[in-house]
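Notes follow the structure.
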Amino acid sequence: MPRYDAAGNVGTRTEFLKGPLRPIAPEESARGPSVMRSTGSEDSGSAGRVARRLVANMLSTLDGVVRFEAVHDAIFGVHDEQVEAEFASKIAEEDAMLLGRKTYEEWLPFWPNSDIEPFASHINRVPKYVVSRTLNSVTWPGPGQAHLLRGDLRDEVQVLKQQPGGTIGVHGSPTLVGSLIQADLLDLLRLAIYPVVAGRGARLFGEGFPAERFRLVDSFSGPSGIAVLTYQPLGRLERTEAGDIPRNAG
């Protein structure tokens, strides 16, 4: 299985390949009674087609850091066969990927020639949609070609979700994930939370991120203490809901 870098990207830096490969590849949460369909996932078109789900997969520390170079060894020193098996079982449910520019640029030199399975075959097989307004073109060798999305994020992703197909996965790309949440485009947020405090580093929800409400729809934990939590975004909190908690007068 693939090894993730500190941003939640898979195998983008050669130093992550040193030593035993004990990676985790978060994919879409399992379909079933424990996972609820995101609000607005039904196609409003005349055909009544069900829209594809967009699922973000992130690694995080206990303090919410998603770029955790300071505790890299502590994160990737954790080996949990149960969690790895849980993630591996989800790869087949994803038939497309949505990537931010930085993730795409880090992946391109590595994955086309990688033999780290099962993710290498998967990422090289499925189409990849790269969100960027600065790139003029994108490429990917092999059958899983790359496609550039340069237009309005909401418009581009809504068109993609209405196309026939299965789950669209977002890997790494924390800036893109935040934008998708704010645009009400993300159906599920899957977080693999490691029992480590980074103390510093970029967070998925940084200072100034709008107040949002989420619902826990699935959870899994292994003996290592890694908790895999899948949340459904419910939208922006109203000002009265997101305000300061009143102090206890007593």
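Please find, among 198, 183, 192, 202, the residue that is surrounded by 15 or more Cβ atoms within 10 Å (Cβ to Cβ) and either in contact with a Lys or Arg (Cβ under 6 Å, 6 or more places away or on another chain) or of a type in the set (Lys, Arg) (or both). Being surrounded by 15 or more Cβ atoms within 10 Å (Cβ to Cβ) and either in contact with a Lys or Arg (Cβ under 6 Å, 6 or more places away or on another chain) or of a type in the set (Lys, Arg) (or both) holds for just one of 198, 183, 192, 202, which is 202. Do we find a residue being buried (at least 20 other Cβ atoms within 10 Å of the Cβ), closer than 22 Å to residue 204 by Cα, in contact with a strand residue (DSSP E or B) (Cβ under 7 Å, 6 or more places away or on another chain) and modelled with pLDDT of 90 or more anywhere in the range 89-98? Taking every residue of the range 89-98 in turn, at least one turns out to be buried (at least 20 other Cβ atoms within 10 Å of the Cβ), closer than 22 Å to residue 204 by Cα, in contact with a strand residue (DSSP E or B) (Cβ under 7 Å, 6 or more places away or on another chain) and modelled with pLDDT of 90 or more. From the residues in the range 40-62 that are part of a loop (DSSP other than H, G, I, E, B) and among the polar types (S, T, N, Q), which one is modelled with the highest pLDDT? Taking the candidates together, the pick is 61.
Identify all residues within the range 125-151 that are of a type in the set (Lys, Arg) and within 11 Å of residue 97 (Cβ to Cβ); write none if there are none. Working first, answer last.
Within the range 125-151, the subset of a type in the set (Lys, Arg) is 125, 128, 133, 150.
Passing the criteria: 125, 128.
Across the range 225-250, the qualifying residues are those that are assigned to a loop (DSSP other than H, G, I, E, B) and at pLDDT 90 or above, and the one among them that is nearest to the chain's Cα centre (by Cα) is 226. Evaluating residue 201 against the criteria (1) more than 21 Å from residue 51 (Cα to Cα); (2) under 16 Å from the mean Cα position of the chain (by Cα); (3) outside any strand (DSSP E or B) leaves one unmet condition, (2). The one condition from (1) surrounded by fewer than 18 Cβ atoms within 10 Å (Cβ to Cβ); (2) modelled with pLDDT of 90 or more; (3) of a type outside the set (Ser, Thr, Tyr); (4) over 25 Å from residue 95 (Cα atoms) that residue 208 does not meet is (2).
Here the strands (runs of 3 or more DSSP E) wholly within the range 77-188 that include at least 1 residues being among the acidic types (Asp, Glu) are 94-100. Comparison of 180, 149, 186 shows that the only residue that is touching an Asp or Glu at 6+ places or on another chain (Cβ under 6 Å) and within 23 Å of residue 105 (Cα to Cα) is 149.
For the range 99-142, a tally of residues being over 16 Å from residue 160 (Cβ atoms), surrounded by fewer than 19 Cβ atoms within 10 Å (Cβ to Cβ), free of Cβ contacts under 8 Å to residues at least 40 places away in the same chain and of a type outside the set (Lys, Arg) returns 15.
Among the residues of the range 211-223, those that are surrounded by fewer than 15 Cβ atoms within 10 Å (Cβ to Cβ) and either more than 26 Å from residue 84 (Cα to Cα) or touching a residue at least 60 places away in the same chain (Cβ under 8 Å) (or both) comprise 211, 213, 215, 223.
The values are calculated or read from the model by the stated rules, or taken from the named source; none is laboratory data. This is a predicted model, so every value here is computed, not measured. Counting neighbours? That spans all protein chains shown, and the Cβs are built from the backbone with ideal geometry, glycine included.
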